[in-house]
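Here the structure is laid out as structure tokens; the discussion comes afterwards.
The values are calculated or read from the model by the stated rules, or taken from the named source; none is laboratory data. Bear in mind the structure is a predicted one, so any value in this text is a computation, not a measurement. Here the Cβ is made from the backbone with ideal geometry for all residues, glycine too, and neighbour counts use every protein chain on show. Remember, those area values only see protein heavy atoms, side chains included, never the ligands or the DNA or RNA. Shrake-Rupley method; radii C 1.70, N 1.55, O 1.52, S 1.80 Å.
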Amino acid sequence: MDEIVSKMCWLKYFCCLHLLIILTTLSFSFPSISYVIKQGLIMSSKSEPLSSEYSNSQLIGLSLLRVLIGWHFLYEGVAKLSNPHWSSAAFLLDTKWALSGIANSLVSNPSTLNIVDHLNMWGLTAIGLSLMCGLFSRWGSLAGALLLLLYYLFHPPLVGLEYSKPTEGSYLLIDKNLVEACALFVLAKFPTGHITGLDRFLQRLRR
Amino acid sequence: MTDPSERKLNTVSPDSQDEPSFSRRDIIKGLATIPALALFLYNYIKKSALDSMRRLQVMSELGQSKKAPAVLKSRKKNELIRLGVIGYGWRGAAVAKGAGFASPEWVAKAREAVNANRLDKRLETYLSQEDLNLELAGVCDVFDTRREQGIATSTNDVRPGGVVQSEPAKGYRNYQDLLASDDIDAVIIATPDHWHAKITLDAVRAGKHIYCEKCMTRTMSEAIDVYDAVKKSDLKFQLGHHSRASSSHEKAREMIENDILGQVTLVEVTTNRNSPGGAWVYPIQWNSIEDVWQTYASKEQYATPKSLDWDMWQGPAPNRHPFNLERYFRWRCWYDYGTGLSGDLLSHDFDAVNQIMDLGIPKSASASGGIYYYTKERFPDLIKEDRDVPDTFQAIFEYPDRGLTLVYSASLANSRHRGKVFMGHDATMEVGGGLTVTPDPQSTRYKSKIEEGIINTALPLFSYSPGSKDIDGITSATAKYFAQKGLVYTYRGGKRVDPTHLHVKDWLDCIRYGGEPKCNIEEGFEEAVACHMATQSYLEGRRVEWDPVKRKIV
């Protein structure tokens, strides 16, 4: 039994290492991604200028991405809010890998489960609204990226992990949550809310 | 970053004025994405309206509300009822727990389980049971250890309601002494089947109310005697089909009453188990004894000819055998004591279908099967004496008046789950811990709705899953099997409840306030006759019929 447990531990570390290597290789092999990451790092270390200049097509692309992701978040949130039977418990109980212990303790206590449920429902809705309207959109993007990263970490599609809830696609290490999280990270670093969103008025009022 | 060729100014226009003022450009750009929100809202409202219209149409078609069965009302506390338990094996202990008396061993195990897995709600469910205002006044068992466990249970201080009984229960080796005692009002009979009829008849004579485990009797003639005796008395009789308290069964009955399935021509019920324990081959250590539910702390507690009154235990069994641990612990494997798959497990399903559809006694029964897996040849270390009850068993009951066949199919060597399925012309209903109703693509009643796209035949028309917001730590395969069958827990008002508790409470309520228990002597008799018909058909290798005038299986 102990042997199996220690083997499983090794498997976890192995998978983690694997993931890191793949992500690093990807980021170096695609100049654009490495550029995005570098730019993001530079921008987050500086005071992040907001008056970034975009060409029309860039602005349209980024704004469209923001609205589409916002739409997705908003409907996920509203659909959960309008379903009295929805609970995150089934998702959390199906958690695998490093965070399964945390997930189990969240589920085992009805009040923490209730908090998690509400954070999810309202969090998704608020992030959705923020992205769609372009209001506090940089915070919305970051919060959305973080939430998606959490979903990813609770259900990482690692080799050897099987989930009882069927996925709607085929994934190997990378799933749609991670891709969407990455897109939101890009949106946080290339914000548009202050141009095509309510942030524009906020910025003007502050000035 | 930007392509110089198409670079245009897409920034907030530098406005150096003190008062913020918004240009037309600001307003157009700042509100640029708001139409998307409007589009979202428009589509969301459209989708919600469509969904609720569909749901309403389907619901009104079905005459259904999504309501769960009502929460049981707690009536005012009334007079104390003094209980006696006859047969304190695992089932006796389970019924006593349902009545509010869990053994210290059970509490210790449940505590351990909670410590190991916080999702395990056994203890919580037990402690939140209603206090039924009972006294466990007497415990009878022919095996000293079990009797002593029963006595220890009576003063256990971990109880729903927290009231601890001051005096321990009296112990009896002979049930006649328990029945003769004036300080017992009602008895729970949880002995092997061969004792059910005799003890029930004696209890009626002694004027005690009766909660008797299934199968009601071991033989057909006993069933007639018990029926007549109970009918003549004004005592409350409840047969221990605790799944009667399952909320999904009540919902299923509503479906039938509202004729949602159309004419049901076939009902299929099943048993699927695949472990020695599930096939009643409980572990016995040959120099000592340890059954599935009870571990004994010392050798003195094991069953020996001294600690177990073997002659008394055999009692009305048709054949006598020398002291035999296998026959004692695994009595369900022999027709001398039990009723095989028919009375032991088919009885649950038959009673469920009878509860849902009021089927009554079938016109005919044919059964077949065999002992195909649990043989001493295959399990030389586990089995010393071959069983005479089948481990694979199928029974077919005909109800020509209702235009319906009831099929029971059981294997004790395969655990693939097959639910209780009610097949109607318009829809199929599957009942377990919850239920689903799926429309039939060829349905006449739903034809137009299917064509209009309001009803989707790929999806259930209706589903009911009690406690879906609640999470249970159901662990073992057998526990899961029971949960699917709705035998372990059911839900009232979203709260998990032990159906045995509800079933015992139903019986006690009838004793206190009048009324007929949910599984009274009528339903008990129908169950017993159907089971005995299947057994007789199997044993005689022919189709048998029920003669309602002579009250005989012919």
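Condition check: of a type in the set (Gly, Ala, Ser) and over 28 Å from residue B:81 (Cβ atoms). Does residue B:137 satisfy that?
Criteria not met by residue B:137.
Which pairs do you get when a residue that is within 7 Å of another protein chain (Cβ to nearest Cβ), found in the range B:23-40, comes within reach of a residue that is not in a helix (DSSP H, G or I), reach meaning Cβ atoms under 7 angstrom, with the pair 6+ apart or on two chains?
The qualifying pairs are B:29/A:195; B:29/A:196; B:30/A:197; B:30/A:198; B:32/A:196; B:33/A:134; B:33/A:196; B:33/A:197.
Among the residues of the range B:88-119, write down those that are of a type in the set (Lys, Arg) and surrounded by 17 or more Cβ atoms within 10 Å (Cβ to Cβ).
Hits for the range B:88-119 are B:91, B:97.
Which of the residues that make up the range B:223-247 are touching a Pro at 6+ places or on another chain (Cβ under 9 Å) and open to solvent by 10 Å² or more (accessible area, probe 1.4 Å)?
B:236, B:242, B:244
Kindly indicate the residue of the range B:394-420 that is assigned to a loop (DSSP other than H, G, I, E, B) and open to solvent by less than 20 Å² (accessible area, probe 1.4 Å) and also modelled with the highest pLDDT among those meeting that condition.
Residues of the range B:394-420 assigned to a loop (DSSP other than H, G, I, E, B): B:400-403, B:412-419.
Checking the rest, the ones that are also open to solvent by less than 20 Å² (accessible area, probe 1.4 Å) come to B:412, B:419.
Details: B:412: 96, B:419: 83.
The selected residue is B:412.
Please list, ordered by residue number, the strands (runs of 3 or more DSSP E) wholly in the range B:158-271 having 3 or more residues that are farther than 24 Å from residue B:406 by Cα and touching a residue at least 24 places away in the same chain (Cβ under 8 Å).
B:170-172, B:186-189, B:209-212
Residues being in contact (Cβ under 8 Å) with a residue 24 or more places away in the chain and within 23 Å of residue B:350 (Cβ to Cβ): count how many of those fall in the range B:426-453.
Selection size over the range B:426-453: 10.
Would you check if residue A:134 is within 15 Å of residue A:183 (Cβ to Cβ), out of contact with any Pro (no Cβ under 8 Å at 6 or more places or on another chain) and facing chain B (nearest Cβ under 10 Å)?
So residue A:134 does not fit the description; no.
Considering each residue of the range A:82-132, count those that are touching a residue at least 24 places away in the same chain (Cβ under 8 Å) and β-branched (Val, Ile, Thr), and give that number.
Of the residues in the range A:82-132, 4 are touching a residue at least 24 places away in the same chain (Cβ under 8 Å) and β-branched (Val, Ile, Thr).
Considering only residues of the range B:458-488 that are crowded, with 22+ Cβ neighbours inside 10 Å and either outside the structural domain of residue B:275 (by TED's automatic domain parsing) or modelled with pLDDT of 75 or more (or both), which is nearest to residue B:95 (Cα to Cα)?
The qualifying residue nearest to residue B:95 (Cα to Cα) is B:464.
What are the residues in the range B:87-107 that are touching a Cys at 6+ places or on another chain (Cβ under 8 Å) and either hydroxyl-bearing (Ser, Thr, Tyr) or farther than 13 Å from residue B:148 by Cα (or both), if any?
Correct list: B:88 only.
Considering (1) part of a helix (DSSP H, G or I); (2) at pLDDT 50 or above, say which one residue A:24 fails and leave the rest.
All conditions pass for residue A:24, except number (2).
On the basis of being of a type in the set (S, T, N, Q), under 23 Å from the mean Cα position of the chain (by Cα) and farther than 17 Å from residue B:267 by Cβ, does residue B:392 make the cut?
yes
Mind listing whichever residues of the range A:78-104 are within 11 Å of another protein chain (Cβ to nearest Cβ), open to solvent by less than 40 Å² (accessible area, probe 1.4 Å) and not aliphatic (A, V, I, L, M)?
A:87, A:88
If you go through the range A:165-207, how many residues are within 13 Å of chain B (Cβ to nearest Cβ) and either among the aromatic types (Phe, Trp, Tyr) or open to solvent by 60 Å² or more (accessible area, probe 1.4 Å) (or both)?
Number of matching residues: 5.
For residue B:128, all conditions in the list (1) surrounded by fewer than 18 Cβ atoms within 10 Å (Cβ to Cβ); (2) at pLDDT 75 or above; (3) more than 21 Å from the chain's Cα centre (by Cα) hold save one; what is the number of the exception?
(3)
Considering every residue within the range B:385-393, establish whether at least one is assigned to a strand (DSSP E or B) and at pLDDT 95 or above.
Yes, the range B:385-393 contains at least one residue that is assigned to a strand (DSSP E or B) and at pLDDT 95 or above.
Out of (1) of a type outside the set (S, T, N, Q); (2) assigned to a loop (DSSP other than H, G, I, E, B); (3) within 21 Å of residue A:144 (Cα to Cα), the odd one out for residue A:158 is which?
Status for residue A:158: all satisfied but (3).
From B:324, B:354, B:287, grab the single residue that is polar (S, T, N, Q), more than 20 Å from residue B:413 (Cα to Cα), modelled with pLDDT under 95 and open to solvent by less than 40 Å² (accessible area, probe 1.4 Å). So that I can check it myself, show each step before the final result.
Working: B:354 fails: modelled with pLDDT under 95; B:287 fails: open to solvent by less than 40 Å² (accessible area, probe 1.4 Å).
Going through B:324, B:354, B:287 in turn, the sole match is B:324.
Of all residues in the range A:105-162, how many are of a type in the set (Asp, Glu) and open to solvent by 70 Å² or more (accessible area, probe 1.4 Å)?
Start the filter on the range A:105-162 by keeping residues that are of a type in the set (Asp, Glu), which leaves A:117, A:162.
Restricting the remaining residues to those that are open to solvent by 70 Å² or more (accessible area, probe 1.4 Å) gives A:162.
So the answer is 1.
Got a number for residues in the range B:145-157 being assigned to a helix (DSSP H, G or I), more than 11 Å from residue B:89 (Cα to Cα) and either open to solvent by 10 Å² or more (accessible area, probe 1.4 Å) or without any contact (Cβ under 8 Å) to a residue 12 or more places away in the chain (or both)?
Of the residues in that region, 3 qualify.
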